[in-house]
Every structure is written in structure tokens, then in C-alpha cells.
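Accompanying notes for the structure given below.
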Amino acid sequence: MTAQAGAPTAARADLCRITVRGRDGSEEVFDIRRNDLLLKAAIEQGIDYPHNCRVGVCGTCKTRLVSGRVSPMVDLALSPLKNEEIEAGYVLACQAKVRGDLVVEAKLGHHALLPVKTVSARVSRWHKLPGDVIDLRLKCDEPVHFHAGQYCTIAESGSFTRRSYSYYDVPPIDEDAPATEVGFLVKRLPGGRFSEWLFEQDRTGTKFWIEGPYGIMGVDDVDVDGLCVAGGTGLAPILSIVGERLRKSSKARFTIVFGVRTRADIFANERLNQLLAEAGDRVRLITILSHEPQGSDWKGPRGLVTAALTPDLGVDYTSVAGFLCGNLAMVEAVEGRLIELGVDPDRIHADKFVPSGTP
Ligand SMILES: Cc1cc2nc3c(=O)[nH]c(=O)nc-3n(C[C@H](O)[C@H](O)[C@H](O)COP(=O)(O)OP(=O)(O)OC[C@H]3O[C@@H](n4cnc5c(N)ncnc54)[C@H](O)[C@@H]3O)c2cc1C
Ligand code: FES
């Protein structure tokens, strides 16, 4: 199956010329090999192309094909693109094999993207937390650079099972002294290939590969207040984002809404308490439980994270920046709720944890 728009101009033998028009009038032009994936090639060129999952599920990389031809690797009818978008010529850049010269339109960003690299590492900490979560730290053989809210793919050395996890550390302020150890919060998924393997036994000392960084968690003026909504291990990028913004701004305040199932599932107390201690009264934490048994002595809010997002939350929805991280359904529900409450959609930054394995 191919998607086509307009007539392609003649391409060199094995190279295709890509012209990306940003919605703000900016333009990027580069050459890639025929059959390469559009998003992968753009990221390799250091272009700030919108993306998140890179597996055709989140829809962040949607791109309008102005002219040229691509072969979608996923059936567009099963993709997150709406019918109107497909009819208007939209494709997913992460799943688009380039067949010839292209002109495309995408919402380019202007962040200083860090180059993607692959680094070897060993597990330096494997620690079980409540709620079927592992605090996994990797000591890297070379320094790694990332921005708050980004993620990388990791794999045990020699294994083909690669999965994406968000860094929870705050990137070092001094870019000349990059991190050599990075941490992730990994939730066990029943039947999940990587997470079940990780849970089987203490993996301290196991050799890994890390490839990244990927993802863009949006930027906004650092003095803007943040409303951060985390479902489960979606807390990882939130810890990184809030920690970094507290350092960069002396006035921004943050409300973190953290959703887990029951009180026994509240994990990362150590890291949350450290953040709260550093932040003084600038961070407010609201933990909300979706499956806490009725009749328990939990005095806090109950329900899904969206239940905490009420007009009287004490947040100025018209000026706040939203940072949403967790599974796809949760993030989409929160996105809709925040827009209803008056948050500017351009100020909503979402990190959707979509399954990357095979169902
Ligand atoms: C950008 C990003 C950041 C992430 N960050 C984190 C993080 O910080 N912490 C964290 O815990 N997780 C995170 N994830 C999710 C993580 O990458 C893994 O997908 C997750 O840990 C499951 O991996 P697994 O190998 O254990 O399960 P898998 O073997 O991948 O399967 C998990 C479950 O999903 C089902 N499944 C798998 N693929 C599909 C599919 N395509 N469609 C429908 N069902 C499917 C399987 O049947 C199984 O029940 C992130 C994902 C993305 C995309
Ligand atoms: S659908 Fe392409 S990055 Fe998620």
C-alpha cells in the first residue's frame, strides 16, 4: 500500500530529497536513502521532528504529505490518524518508508536536540518498589546526555527485546559534566516480555545497551506554573521535569497529580519526598487511588486521575502548562479534560507510554 500526493520530482539514484515545512514558516531540507523511515532519518539529521512512541501508536509524528510518495508500514486505517486526516493526506512519519523526493508539512520544534547515541552500561541498582515497579539504574560506559522528560530504548546485551523507558533523573545543570548513571521506573506488565524478565531475579551487573535520547516533552517558559499528571510509572519523567524546572526558575510552582491503584502501590516515596523537601511549598502532591478498598482509612482522593482535575483544584488553567505521562488511554483522557478546563492545547505536553512489544 502506498500513499501519494502530487508528482515527485526526479530523485538521485538512491537518495531522496526531503523538504519539511514547519507550520511556523520554517523549512528543513535534507537527503535520505530511499526506503529509510522519514522520522528516523529526520532525527538522525538533528531535526526537531515531533515524535513520541516511534511505533505508530501515539500519533505525535503526524505529517501532511504535500507531494511525493511513502509506503506506510502500518495500515493507516488502524493508526491513530482520524479518517479526515487520512483523507487530507496525513501519514505517520515514524512508519513512512520514503519512496522518492518528498515535500511534507509537520509541526517542527526548535529545541536543541541532542544526538542519539548507543552506549553500553551495566545494572548498578535493581530495587523492587511497591506496586510491582523496579527502580533500575544503569551505570554507563560513556556519558549520556538527555533533556528532562526524554526517554531512551534499553535492551539486555545480546537480546532483541528493546523497550522504551523515561529517565527519572534531573539532567545535570553543567552540560560539560553529563550523567554517567541513569535511572528508570519499570512497571511489571503481566505477560510482558521485558518487564517479566527484569522482575525474575536481581539483574545487578547485567550488561545493557542504551539508545537515545528520544522524545520531546515540550518546552514552555520555565517560569510558567506546571500541572503534572502521572499515571503509575508516568511519574518518572515528571520527577525529571519538575526537578529541572525548580532549578531553572525561582518562582514556578507545580501541582503533581499522581494516580496509582491502592495505597500499597504507592512507590517512589523516597524520590518524591526528596523532591518535596527540595521544593519547599512550590510543589503540591495529590495522590489519587483508583482501587483502594472501600472502608480503608485512606483520607485522600479516590478515582481516576481525571477525577482530581476539577475547577477548584487551585490551578489557573488558563496559564498553566500541562505535563501528562502514563498509558495512552489515561493521557488522552487527561488531555481532553484539561482542554475542557481551559488549558491551551499548545501548552499540553504529553508522554504516552504505549506498548512496544508484540501483542
Ligand atoms: C515513550 C515511552 C516511554 C515509556 N516509558 C516507560 C516508563 O518510564 N516506565 C514504564 O514502566 N514503561 C514505560 N513505557 C512502556 C515500555 O516501553 C514497555 O512497553 C512496557 O514496559 C512493556 O514492555 P514489556 O516487554 O514488559 O511488555 P510487552 O511484551 O511489550 O507487552 C506488554 C503488554 O502489552 C501487550 N501489547 C504489546 N504490544 C502491543 C500492541 N502493539 N498493541 C496492543 N497490545 C500490545 C502485550 O500483550 C502485553 O500484555 C514507555 C513507552 C514509551 C513508548
Ligand atoms: S505514532 Fe509516530 S511517534 Fe508515535
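Could you grab me the full set of residues in region 183-230 that are among the basic types (Lys, Arg), surrounded by fewer than 18 Cβ atoms within 10 Å (Cβ to Cβ) and either away from ligand 1 (no atom under 15 Å from the Cβ) or under 17 Å from the mean Cα position of the chain (by Cα) (or both)?
Result: LYS207, single match.
Of the residues ASP14, ASP48, which is exposed (fewer than 15 other Cβ atoms within 10 Å of the Cβ) and either at pLDDT below 90 or touching a His at 6+ places or on another chain (Cβ under 6 Å) (or both)? Working first, answer last.
Numbers: ASP48 fails: exposed (fewer than 15 other Cβ atoms within 10 Å of the Cβ).
ASP14 is the lone residue from the list that is exposed (fewer than 15 other Cβ atoms within 10 Å of the Cβ) and either at pLDDT below 90 or touching a His at 6+ places or on another chain (Cβ under 6 Å) (or both).
State whether one or more residues within region 265-282 are outside any helix (DSSP H, G or I), over 22 Å from SER240 (Cα atoms) and either of a type in the set (A, V, I, L, M) or not assigned by TED's automatic domain parsing to the domain that holds ILE134 (or both).
Taking every residue of region 265-282 in turn, none turns out to be outside any helix (DSSP H, G or I), over 22 Å from SER240 (Cα atoms) and either of a type in the set (A, V, I, L, M) or not assigned by TED's automatic domain parsing to the domain that holds ILE134 (or both).
With the checklist (1) part of a loop (DSSP other than H, G, I, E, B); (2) surrounded by fewer than 17 Cβ atoms within 10 Å (Cβ to Cβ) in hand, flag the one item LEU113 doesn't pass.
That leaves (2) as the condition not met.
Which residues, taken from region 180-228, are more than 16 Å from ligand 2 (Cβ to nearest atom), out of contact with any Lys or Arg (no Cβ under 6 Å at 6 or more places or on another chain) and among the hydroxyl-bearing types (Ser, Thr, Tyr)?
THR180, THR204, THR206
Applying the selection to region 299-331, what residues are surrounded by fewer than 20 Cβ atoms within 10 Å (Cβ to Cβ), part of a helix (DSSP H, G or I), in contact (Cβ under 8 Å) with a residue 12 or more places away in the chain and within 16 Å of ligand 2 (Cβ to nearest atom)?
Within region 299-331, the first condition is being surrounded by fewer than 20 Cβ atoms within 10 Å (Cβ to Cβ), and the residues that meet it are 299-304, 306-307, 310-314, 316-319, 327-329.
If we keep only those that are part of a helix (DSSP H, G or I) as well, we get 306-307, 328-329.
In the following step, the residues that additionally are in contact (Cβ under 8 Å) with a residue 12 or more places away in the chain were identified as 306-307, 328.
The one that is surrounded by fewer than 20 Cβ atoms within 10 Å (Cβ to Cβ), part of a helix (DSSP H, G or I), in contact (Cβ under 8 Å) with a residue 12 or more places away in the chain and within 16 Å of ligand 2 (Cβ to nearest atom): LEU328.
Table: residues versus (1) under 28 Å from VAL222 (Cβ atoms); (2) under 21 Å from the mean Cα position of the chain (by Cα); (3) modelled with pLDDT under 95.
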residue	(1), (2), (3)
ASP265	no, no, no
HIS291	no, no, no
ALA308	yes, no, no
GLY322	yes, yes, no
LEU338	yes, yes, no
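Take the residues in region 75-89 that are in a helix (DSSP H, G or I) and charged (D, E, K, R), then tell me which one is nearest to ligand 2 (Cβ to nearest atom).
Going through region 75-89, the residues in a helix (DSSP H, G or I) turn out to be 76-78, 83-87.
Then keep just the ones that are charged (D, E, K, R); that gives 84-85, 87.
Working: GLU84: 17, GLU85: 12, GLU87: 18 Å.
Filtering first and then ranking leaves GLU85.
Between residues in region 157-179 that are without any contact (Cβ under 8 Å) to a residue 40 or more places away in the chain and residues that are in a strand (DSSP E or B) and of a type outside the set (D, E, K, R), which pairs lie under 6 Å by C-beta distance while being six or more apart or on different chains?
Going by the 6 Å Cβ cut-off, the qualifying pairs are PRO172/ALA179; PRO178/PRO143; ALA179/VAL144.
Quick one: THR19 ticks every box in (1) in contact with a strand residue (DSSP E or B) (Cβ under 9 Å, 6 or more places away or on another chain); (2) part of a loop (DSSP other than H, G, I, E, B); (3) farther than 12 Å from GLY100 by Cβ except a single one, so which number is it?
Here THR19 clears every test but (2).
For region 151-179, how many residues are within 16 Å of ligand 2 (Cβ to nearest atom) and part of a loop (DSSP other than H, G, I, E, B)?
Going through region 151-179 one residue at a time, the tally reaches 1.
Quick one: in region 122-150, of everything that is farther than 30 Å from HIS291 by Cβ and surrounded by fewer than 18 Cβ atoms within 10 Å (Cβ to Cβ), which residue is nearest to ligand 2 (Cβ to nearest atom)?
HIS145
Just need a number here: residues in region 31-74 that are over 21 Å from ALA112 (Cα atoms), touching a residue at least 60 places away in the same chain (Cβ under 8 Å) and either within 13 Å of ligand 1 (Cβ to nearest atom) or in a helix (DSSP H, G or I) (or both).
The total comes to 3.
Considering every residue within region 298-307, establish whether at least one is in contact with an Asp or Glu (Cβ under 7 Å, 6 or more places away or on another chain), farther than 21 Å from ARG245 by Cβ and outside the structural domain of ILE134 (by TED's automatic domain parsing).
Yes - at least one qualifying residue is present in region 298-307.
Looking at the structure I just gave you, is LEU108 within 16 Å of ligand 1 (Cβ to nearest atom) and touching a Gly at 6+ places or on another chain (Cβ under 7 Å)?
Against the criterion (within 16 Å of ligand 1 (Cβ to nearest atom) and touching a Gly at 6+ places or on another chain (Cβ under 7 Å)), LEU108 does not qualify.
Only residues that are out of contact with any Leu (no Cβ under 9 Å at 6 or more places or on another chain) and closer than 22 Å to CYS53 by Cβ: list them for region 133-143, please. Give the derivation first.
Step one: list which residues in region 133-143 are out of contact with any Leu (no Cβ under 9 Å at 6 or more places or on another chain), which gives 137-143.
Answer for region 133-143, where residues must be out of contact with any Leu (no Cβ under 9 Å at 6 or more places or on another chain) and closer than 22 Å to CYS53 by Cβ: just LEU138.
The values are calculated or read from the model by the stated rules, or taken from the named source; none is laboratory data. What you are looking at is a predicted structure, and each value in this text was computed from that prediction instead of being measured. Counting neighbours? That spans all protein chains shown, and the Cβs are built from the backbone with ideal geometry, glycine included.
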